[in-house]
1. Regarding residue B:162, is this residue modelled with pLDDT of 95 or more and of a type outside the set (S, T, N, Q)?
2. Given the conditions (1) facing chain A (nearest Cβ under 8 Å); (2) within 20 Å of the chain's Cα centre (by Cα), which single one is not true for residue B:199?
3. Give region B:353-399 a look and list any residue that's touching a residue at least 60 places away in the same chain (Cβ under 8 Å), assigned to a strand (DSSP E or B) and crowded, with 18+ Cβ neighbours inside 10 Å, or say none.
4. What's the number of the condition residue A:269 fails, among (1) within 23 Å of residue A:207 (Cβ to Cβ); (2) surrounded by 15 or more Cβ atoms within 10 Å (Cβ to Cβ)?
5. Taking residue B:277 as the residue in question, decide whether it is outside the structural domain of residue B:356 (by TED's automatic domain parsing), in a loop (DSSP other than H, G, I, E, B) and modelled with pLDDT of 95 or more.
6. Considering only residues that are within 14 Å of chain A (Cβ to nearest Cβ) and crowded, with 19+ Cβ neighbours inside 10 Å, look in region B:112-138 and name the one that is nearest to residue A:321 (Cα to Cα).
7. If the requirement is being touching a Leu at 6+ places or on another chain (Cβ under 9 Å), of a type outside the set (S, T, N, Q) and farther than 23 Å from residue B:192 by Cβ, which of these qualifies: A:294, A:342?
Amino acid sequence: MSTQHLRPAGDREAAELIRDAAQSGTSFEIISSGTKRNLGRPVAANGLLDMSALAGIIDYKPEELVLSARAGTRLSEIEAVLAEHHQIVGFEPREWAPMLGAPAGMQTIAGVVAADVCGPRRVKSGSVRDHVIGCRFINGHGEIIKAGGTVIKNVTGFDIPKLMCGAFGTLGVLTEVTLRVLPRAQRSATLVLYNRAPEAGLGALIVAAQTPADATALAYLPCLAIGLMDSSARDLRGAALIRIDGTPAALDEKIRLLRARFPEAETALLNHEETETVFRNIGDGSVFGHEGDIWRLCVPPSRAAQTIAEAEAQLWYADWAGGLLWLQLPASPEVAQRLRGITAKFGGHATLFRASPEARQAIDVFEPEAPVRSNLTKAVKQAFDPERVFNRGRMFEYL
Amino acid sequence: MIELPAPDRQIIARRAEIAAGLSAIVPDGVVSDQATLRAYDRDALTAYGQLPLVCVLPESAEQVSAVLSFASREGLRVVPRGAGTSLSGGALPLADGILLGLSRMNRVLEVDYDNRCAVVQPGVTNANVTRAVQSKGFYYAPDPSSQIACTIGGNVAENSGGIHCLKYGLTTHNLLGVEMALITGERLRIGGKFPGGGGLDLLGIICGSEGLLGIVTEATLRILPRPPVTRTILIGFRSAADAGRTVAEIIGQGIIPSALEFMDRRCIDAVEAFCAPGYPAAAEAVLIAELDGMPAEVADQLAAVSSIADGCGATDIHDCSGEPERSRVWSGRKSAFGAMGRLKPDMLCMDGTIPRAALPQMLDRISQLSEQYGLICCNVFHAGDGNLHPLIVFDCMQEGELERAEAFGADILKLCVDMGGVLTGEHGVGVEKKALMPAMFTDADLAQQQRVKCAFDNKSQLNPGKVFPVLHACVELGRMHVHQGRLPFANLPRM
């Protein structure tokens, strides 16, 4: 298969390439920095469509909490500009590139949106789709389409920007993204509840989520994960981490409230800088190093402890109050069956996050869809990209 | 005037047979006599009415699914309806269509505090979700002003907002999952009590699709612990521009109030005459700011907001956190729509969104238009999120006033788009704004949205005649090629 590498200079040129491809039956793998090519099923394509030339922030109005950027703009550039105005990308995008064997610091906003890269803050602020308020993209007919808007509150027409989030480029090629952004909290801190076995630790996260402390992250690290993150740590069982934000006075009162909720707990407090480090590690999956297959399981938080008991993973940890479980487990049909047995029982989905291309070809990377759902998925693909120009097979064989 | 798809006479002639078919599915829930059908002939866009062919009121997801497969088999159109509170005509019936009312499916099925969610049927009212969880200190955040009547099914269809959107989001941000029925009668679950993802975000496209894609038969909603403290301040200004600068400063300093409501001079006068909420007498504009959270946090923010307002030239800054003052201040805001009735018998409530910074300029343009059309317009503004509600008052008994009011409203919405905003922030497009869609979208953009409709409902049986200015057949959309955003032969009438 040829590996033609096309790098259009602008959206019109890209649209033309796509129009030609649709007519000639050619297919493209869409990339910018290419840091997530190992995520999802391997794509069978005739060429690479490289969108990295479409870069740069188009508009940023701090007082409107809105930023628009071209698709190939690096996330690091966006975050630096926001930081000047004490603002952040609200879904706390993390850096998965090292986990996936790619260099850090290069991911683009389109890649973040397409792969739904959201971090620990999701438990409070929602995922990528909750922050993308508008976009432009090129559909499989080679038409440049505008969807959504550049204001926060908008119900005009179908919410197509949401469909683009987490679609791994299977529906359209993003050319512009408009985000709603959030103010950055003055300070963060983390209350750590030590010496908790998984059931007690995950249970504490659920209790914390029900308090008005308004936690901005809720994670649980079993002892093995703690040891890998901090070799000096001597926690025998595991730790529940509750991150809170606010002014110094607000942090004090939230900590008091949480301590009162867990009167028997052995606790410690992480300061702002320590909090940043530990949650960067949690969001980036840094405990996994470069070896071993990784799964991500989403389940109802109340089922997290039981899921862990049944999943049989040695190295694992929980984010999003237990709603997200990162597991180091082989990419084998047996493991896939075991994990999908769990999601079938409790509701949820399992994603094979890191594995060899052969394994990602042989095993369903994303949760297999039931027939009614898969028919809808196919129909939606047909609505955007009927000739299947984009990222053929990236999510499902038929998408 | 609003155009709807031409009714099919042959289907109207089959009314009795269709009613009988539906009665076999929902034995005690079919309305077909003209007198009772009258109750369903319009929603809250009261200027437009149409008797439906027949109305069916199912009690279960199975019945919904059976009604849809019946409609699918018989080639019938279906218009879904919750409580009929849509302000954009989303539930306006069709003369040859089944009106599918979901108000009898009104049970809260489960409250799950550990997973912070409630599972409800579509006919549960918005306020009843909070009522079901408040004893444990929880609430459901989206709060459209019709919340005591409007249903969750309608909220999902319209992606309803409310006054707390900036901090807590719209329905789409608080919706974890649905069970729905497609026009074929097939049922599926999307999302649930777990974090979403793992496939295309179909939940995201269904929320806000105005009943064009499927019928929600169950919804899983995020519930939140109620913040321990809520404080309210009332701020008066000499000009709308001062109020606008205050809003920009508040947001710019990183404060996200739970509500930030703006009213202009005309609106203040109208509500003072109506219920005397005690707004500053000489103010050209007022802001009501509400902050919620933990006590120290809220105190910090309250102090910051007061000092910002002071710095922007506020004439009055009044902490009205205590009762009964807080209720009185809010009663003014909440009765703004009702207060319009003292000015004229009829009102059009517009619903555009603009970038916040454009507010003063927008208000100037509206007052010019007001003179030009000879109609009064009062402005209520969700200043936090830029959602503007110009209230145009008129008297439909006066020859031509309805048409003038509609033209005035359309001009306002086009201005919203020109200023970088959108046609509707929370009321939906429905029938009311469909003709204006080309002001915001090209033919190619609209054709793309209609192809999504076709993916779910390829014969356009669900709520046709809403949202899109022109109804294209799905086969036609499949072949249609749009050049630079314009259809070939754009002026040709299409089916």
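1. Details: modelled with pLDDT of 95 or more: no; of a type outside the set (S, T, N, Q): yes.
In short, no.
2. (2)
3. Passing the criteria: B:353, B:377, B:378, B:379, B:380, B:381, B:382, B:387, B:391.
4. Failed condition: (2).
5. Details: outside the structural domain of residue B:356 (by TED's automatic domain parsing): yes; in a loop (DSSP other than H, G, I, E, B): yes; modelled with pLDDT of 95 or more: no.
Against the criterion (outside the structural domain of residue B:356 (by TED's automatic domain parsing), in a loop (DSSP other than H, G, I, E, B) and modelled with pLDDT of 95 or more), residue B:277 does not qualify.
6. That would be B:115.
7. Criteria check complete, one pass: A:294.
Rundown of residues vs (1) among the acidic types (Asp, Glu); (2) over 22 Å from residue B:5 (Cβ atoms); (3) at pLDDT 95 or above; (4) surrounded by 22 or more Cβ atoms within 10 Å (Cβ to Cβ), yes/no style:
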{"residue": "B:406", "(1), (2), (3), (4)": "yes, no, no, no"}
{"residue": "B:412", "(1), (2), (3), (4)": "no, yes, yes, yes"}
{"residue": "B:415", "(1), (2), (3), (4)": "no, yes, yes, no"}
{"residue": "B:463", "(1), (2), (3), (4)": "no, no, yes, yes"}
{"residue": "B:493", "(1), (2), (3), (4)": "no, no, no, no"}
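The values are calculated or read from the model by the stated rules, or taken from the named source; none is laboratory data. Fair warning: this is a prediction, and the values are worked out from it, not measured in the lab. Backbone-built Cβ (ideal geometry, glycine too); neighbour counts: all protein chains shown.
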